Structures are given as structure tokens and as C-alpha cells.
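Bear in mind that the values in this text are calculations on the coordinates, not laboratory data. Just so it is clear, the model here is predicted, and its values are computed rather than measured. Because the Cβ atoms are built from the backbone with ideal geometry, glycine has one as well, and the counts that use them run over all protein chains shown.
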Amino acid sequence: MTPLSLMLTLSSVLFALGLLAVLTRRNAILVLVGIELMLNAANLNFIAFWAFDSPTAHNAVEPALSGPMFVMFSIAIAAAEAAVGLAIILMVFRHTRSTDLNKLDSLHG
Amino acid sequence: MKKTFLDRHRAGCPDHVARASCPPPNQNQAFILPLAAATAEPSLFSPEFLPRLPQRLVEMILTNFGVPDWLVTIAGFLVAAGTVVAVFLSAFALLSLIERKTLARAQNRIGPNRAGWFGILQPVADGIKMLTKEDIVPAKAEKFLHLLAPILIVVPAILALGVIPYGREWTPVPLELGLVFFFAVGSLTELSVFMAGWASGSKFPMLGAMRAISQMVSYELPLIISALGVIMVSGTLSLPHIVDLQGGFQLGFIPSWNIFTPWGLFAGLLFYICSIAEANRCPFDLPEGESEIVAGHMTEYSGFKYALFFMGEYLGLLAIAGLFVTLFLGGWQAPLPGLGFVPTWFWFFGKLALVIFSYLWIRATYPRVRIDQLMRFAWLCMIPMALLTLPAAGIWHFTGRGLLSWVVVLPLMLVPWVIVAVIFNRRLATTTRTYRFADT
Amino acid sequence: MIPLLILAPLILLAAIGAVWMARPVHAALMLALTLALVAVLYLALGAEFIGLVQFAVYVGAVAVLIVFSLLITRRGDEAEEIERRPKSLITGLLCTVPVLAVLAYSAIFGSNIKLIPWEAKLTIAELGETLFSSHAPAVLALAVLLTAVMIGAALFAREPGKTPEDPAEK
């Protein structure tokens, strides 16, 4: 298995674990933990392709920095999204005194 | 690629810096130098060479005994790291004594003077006391995290000490991204303060940890933004190069340090205040103030773990004071033109001693700031002022860095500063006091 | 390759801890560990700036934020164990395992492109120039986004009906 395959497998397993956390956790903040894991898996993918595959040899039109550039924006956006998500969870907590997602069913039929 | 600001830097140094004191960045060698290529080093027994002596001696002895090269490199690196740690641990011991003596003198009493001539053995006595104390861990505490937290507070401080240039061509690890490394490592401290507070399992440490984290996170922003001005003007993130670019003298006798520029004056002041807040020192030591919250996140610690917290705090203080000296006070550059014969590490440690003395002086003088005053100061006063230094630095650079720049930039910075300060003091500094975090 | 072989199992173990641990603060601390290990992996692969930024932003800010919110939303001194419900775990696995299978299959068997290894080096000067010349609109959009997020989160976190509190509650 090449290093690139190993890293892509690692990132896919991380993505699957993040997805599992989003689907199974009851605490809203732990769902956010899963989302962060998924974002990190995607970032790992970008860095994997940047590190193991020379961009100039494929007559790439983009500069050799596409991987790290995307990852930088992704990290910034992930931080912003975590902040907003946590602010929303705090607001919900103030209303219902609970972060349990199963209790937020007032729109349930 | 069109010629940019960075291209001029890569070609050499800016015109205002004397060429002799600004070598191109790739001459800053790490400790890991093969002995044969030591052409840029001073002679073996000059005082300039003194800090490198242990490593060079060990390398020479090991090479004489025929040890393979990679082992010599590793051994040399370990000796270099050990030198840095030894110097700063003894500085920490001395600092604890000097702090107590200075505070005492400021309070019109004599400090510790029983443990030796003028109390010089007091740190030894403190160390013995800390080591022989019983190590009490509360029953509700999380054992593993409770043990890990003090270690994780000391480790970032020691890591951060490794990238600061202590002398000409003497930085333990001259990273190209030294400044980002420093800030990244400093932000690890926040997580370990939380661990210390939460793992203790009781209310005072938890409250103290939450306050400490909010304080550290709030003051990290103006810290980094005021360092951004320096990065913009120097065009590099590498700390040895930032110090190199502060060589030379304006008007013959004023050093070209960053603090003697119109934006640097204000950015340096902001960095200084934020470094006091980051290190949890008075007047920002609410997280560990004894009359407020027992010992904050360190309440449930005793014996050597408490000594580790103490050590981590002081080493962090030394590291961030070292960064302040590096970024704004010219690092190891001499203050006057004729003093080239004095070894450069003497200037660095002299400036560091002055900055630390000023921290102690401020501790003895100012009362503690309340948590809401602290937060409002950071978010409503310091961040706008820090953001203002960025365009000021740009304007300073593009108006030629001379007298015209001073005339243009100084009012540009002073007027908003005075306005923000007046508005902040009159309308925003205090609020009704709510004990929000004690409601849980 | 060797750093990758050492770090990959550690990252997986830490991520499993983040997903599996019962107490929320433990899970959040395992997330911080995962993020720190991924940052070390970036450093080992030559993307030094990205690794340090990951450390400073994710471990130093996002993990602290998550942990802080967990502290604020605690419900007194009750036990924080969440009970396992096997039904939700099985449903989760049912949805996750196919995704994992597809991704892993394409990762291991799908790379038919010819890879040319190179000495991956991220020059900070190049990164800065590219970022602020050809990617400048993206940076400006990001700046607007972050400002909006900061203002929005501060407004959200204000207690309703009181005088404006300190904006430190993110």
C-alpha cells in the first residue's frame, strides 16, 4: 500500500467515525465533535494529495499550493462554524435547560 | 513574478539597516553545525562563545572517541537543549527570590533573608519544602488528568523558550516559522489549565479554570495582532531575522528597534500589557488571586505538582518577556553604537532582566482587575487599538520610514487612542456585577 | 512514510476515543488529542505552516471552545454518563459502514493515476504571496465571514432582556 493510499484510508476511517458520532451522540456538543472530525478528515485528504503527488509534473494549471491553501480556508471556516454552532447550542440550552437532542422534539407530530 | 516587498528582502536588507549587522537569514545556523563549517563563529574562548561552549566541548570529545556522526549530533542537541533548560530553571529559581525581595522592598519590608546570605538559598529551601510535601489528590479527582495537567503546563513554556534568539547566531532551534510556533505552543497552555481545573473535581478550581481560560483567550487576540505589525514590517516569521533587521542606528545614536517607531511604540505597549495578562500576573491574576478564589485552578494541588505550576507560570513569563524583547526591543542588538565588544547575549539577558523587573514593579503597584473589567478591556479597548497599529505600520513603511513617517503616523495613532481610551473609561469600563459562572 | 505509520494508529485510537467515550469532557479531550496528532502529521509531511495553524486554531481555540461550552451547559452535579442505546448504535453503523466501504475501496484500489513523488516543501513566502494576490477575494470573503460570525455569536450569547453583557461569552 502506498503512503497515499494509507493516508486516504486513514482519512476515510476518520470521516466514518465522525459520521458515526454525528448520528449516535445525544449531546449536541458531541455532535459538533463529530463534525470537526469529518472536517479534519477532508483536510487530511488535501494534504495527502499535496504531499505525495507532484503538482508540476501533471501540467497542473493551479500553483503547487492548492492543497495547503484549501486547508487554510477550511480550518478558518471550521473554526467559525464551531463558534456559531456552539452559540446556537447555548441559546437552546437557555430555553430548555438541556443539551439532549432527544428532548428537542416540540415540533414532533 | 513582479518585484514585491519580499523580493527586496530576499536580495539583502532594507536600506536603513547597516549592512554589517544584517546577514541574510540562511547564515543563522542551528546548534547542529558540523565542526568543519564553523567559519562564521567567533573564536572558542571569547565571551561571545560562552553559551555554545558546552555543546562544542561535548561534540569535540565525542568525535575524538570515534563516536558515529549521527550520535554526536544527537548528543550535541541534547546538551544544547539541556543548557537552555538549565539556564532558565536557575533563572526561575533566582526570579522567585528576586520577586519576593522586590515586592517586599516596595511594601517597605525586607524579603526573605534567613536562608542564606541575603536569602540567596531561599529557592533551595522552597524546593526542598515542595518536594517533601505530601501529595494530596482529592477523592473526586480524575487521577490521570490531575497528574497530566501540571506537566502539560510546563512543556509548552519550555518549548517556547527554544525559538527565541539569545545572541547573534545563537537560537536553539531557528525555525523559519518561529513566531507561529511560539503562538501555537502558547495556546496549548489554555487546554492544560482547563484540565487542571476540571480534573480537580471541585468548584473553586473549575471557576478559576473558566476564568483563566476566558482571560487567556481574550488577551491572545491583541497579543497576536500587535505582533502582526512586526511581521508585516520585517517581512518574515523567523525570529533571528526579525532581530537582525532591528540592527543599525538612526540619527547616529537611536537604535532601530521596533519600539522606537511610531506604530511600534503603541504595538509594543499593547504586547506588553497582553503578556502580563497571558502570564496571569497581577494586575490580571484573578484566576489565581488568593483573596478571590483560593488558588484558582491550582487549588487542589500540593507539593511538587504545585511547584510545577509555579515553574510553568514563571517559565511562560520568561518566554513571553523574551518574545517582547525580541520583537520590539531589538533582541540581542546593542543600544549604542560603540559597544560591539560586549557579547550579544549580555544585551539580551540585560533587556530581559529589565522587562521582568518592570513586571515585578507593576505587580507591586497595581490592584487586581475584576473579571468583567478585564474582559471589557480586552474586547472593547485593546482589540480596536491593536487593529489600528496594522495600517499605521503600513503607512509608516510606505512613507519612507523617516521623519515624514513619524509626522504622518503619530497623530494617526494618537488621536484614535485618546478617543477610544476616553470613551472606554467613561462609558464602557464597568458593568453591573453578575456572578454568572457561580450559578451552575 | 515512517511518521505516517506511527501516527495513523494513534490518530485512529484517539478518534475512536472521541466517538466512544461516555463522559462528554473525556470525548472533547480525546478530540483535542486527535487534532494535535493530525497537526503533528501535517508537520511530518512538510506542511509546517498548516500544522502550526492547525495546532493554534483547532487545539488552541476550537477544542477550548468545545470544552468551555461543555462546562457551561452542565446540569449541576449529576452523573454525566450517557447511557448506550444499542438501537441507535446499530442504526449509526448501518449508515456509516457503507460510506466507509465506498471510501476505503476507492482509496485502496482506485488510485490509477501515476503518482510522482516530490519533496513537499511549503515556503511561507510563496504561501503569503499566493494568498494575498490570486486568492485575495477569498481572503476578503473569509474576513467578512469571520466578522459576521463574531458579531452573530456575541449577539446570540447575550442574555435576553438585560443590559449588554461582556462579549466574551462566545
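Points to keep in mind about this one:
- Virtual spin-label span in nm between residue B:129 and residue C:151, 7 Å along Cα→Cβ: 5.4
- If the Kirkwood radius is taken over C-alpha pairs of the protein assembly as shown, then at 25 °C and 0.890 mPa s the Stokes-Einstein diffusion coefficient equals 89 µm²/s.
- Approximate shape of segment C:1-108 as ellipsoid semi-axes (Cα gyration tensor, √5λ), whole Å, largest first: 27, 23, 10
- Three principal axis extents describe the C-alpha atoms of segment B:54-170; from largest down they are 56, 43, 26 Å.
- Trypsin sites (Lys or Arg not before Pro) lying in DSSP loop within segment A:65-107, provided at most 14 other Cβ fall within 10 Å: A:97
- As a length-normalised measure over Cα pairs under 8 Å and 6 or more apart, the relative contact order of segment A:3-103 settles at 29 percent.
- The magnitude of the dipole of the protein assembly as shown, with charges of +1 and -1 set on the Cβ of Lys/Arg and Asp/Glu and taken from the Cα centre, is near 1280 debye.
- Formal net charge of residues neighbouring residue B:75 (Cβ-Cβ distance under 15 Å; K, R +1; D, E -1): 0
- For a label point 7 Å along the Cα-to-beta-carbon line of residue A:96, residues of segment A:29-44 with backbone N under 15 Å: A:29-32
- The calculated FRET efficiency for residue B:421 paired with residue A:74, based on their beta-carbon distance and R0 = 45 Å, is about 0.70.
- Extension gain, residue B:250 back to residue B:365 (0.36 nm per residue minus Cα-Cα distance, nm): 37.9 nm
- Calculated [θ] (222 nm, deg cm²/dmol) that DSSP helices of n ≥ 4 give over chain B, each run adding -39,500 (n - 2.57): -19500 deg cm²/dmol
- GNM on chain B, alpha-carbon springs under 10 angstrom: the most fluctuating residue among B:71, B:352, B:94 is B:71.
- Rounded, prolate or oblate (a/c below 1.5 giving rounded, otherwise prolate when a/b exceeds b/c) for segment A:3-103 by Cα gyration tensor: oblate
- Over all other residues within a Cβ to Cβ distance under 15 Å of residue B:365, the charged ones net out to +2, with Lys and Arg as +1 and Asp and Glu as -1.
- Taking other C-beta atoms within 10 angstrom as a stand-in for reagent exposure, B:366, B:306, B:301 fall in the order B:366, B:306, B:301, fewest first.
- Length-normalised contact order of chain B in % [C-alpha pairs under 8 Å, at least 6 apart]: 19
- Residues of segment B:230-246 with an amide N closer than 17 Å to a point placed 7 Å from the Cα of residue C:121 along the Cα-to-Cβ direction: B:237-238.
- Neighbour-count ranking [beta-carbon atoms within 10 angstrom, fewest first] of B:73, B:299: B:73, B:299
- Convex hull of alpha carbon positions in segment C:1-59: directionally averaged projected area 3.7 nm².
- Global geometry of chain B, whether rounded, prolate or oblate, following the gyration tensor of its Cα atoms and the 1.5 cut on a/c: oblate
- For segment B:343-406: rounded, prolate or oblate by the Cα gyration tensor [a/c cutoff 1.5]: oblate
- Above-threshold pairs, the threshold being 23 Å between Cα atoms, out of B:143/B:305; B:101/B:129; B:140/B:305; A:103/B:140; B:305/B:351: A:103/B:140; B:305/B:351
- Listing A:54, A:12 from fewest to most neighbouring C-beta atoms within 10 Å gives A:54, A:12.
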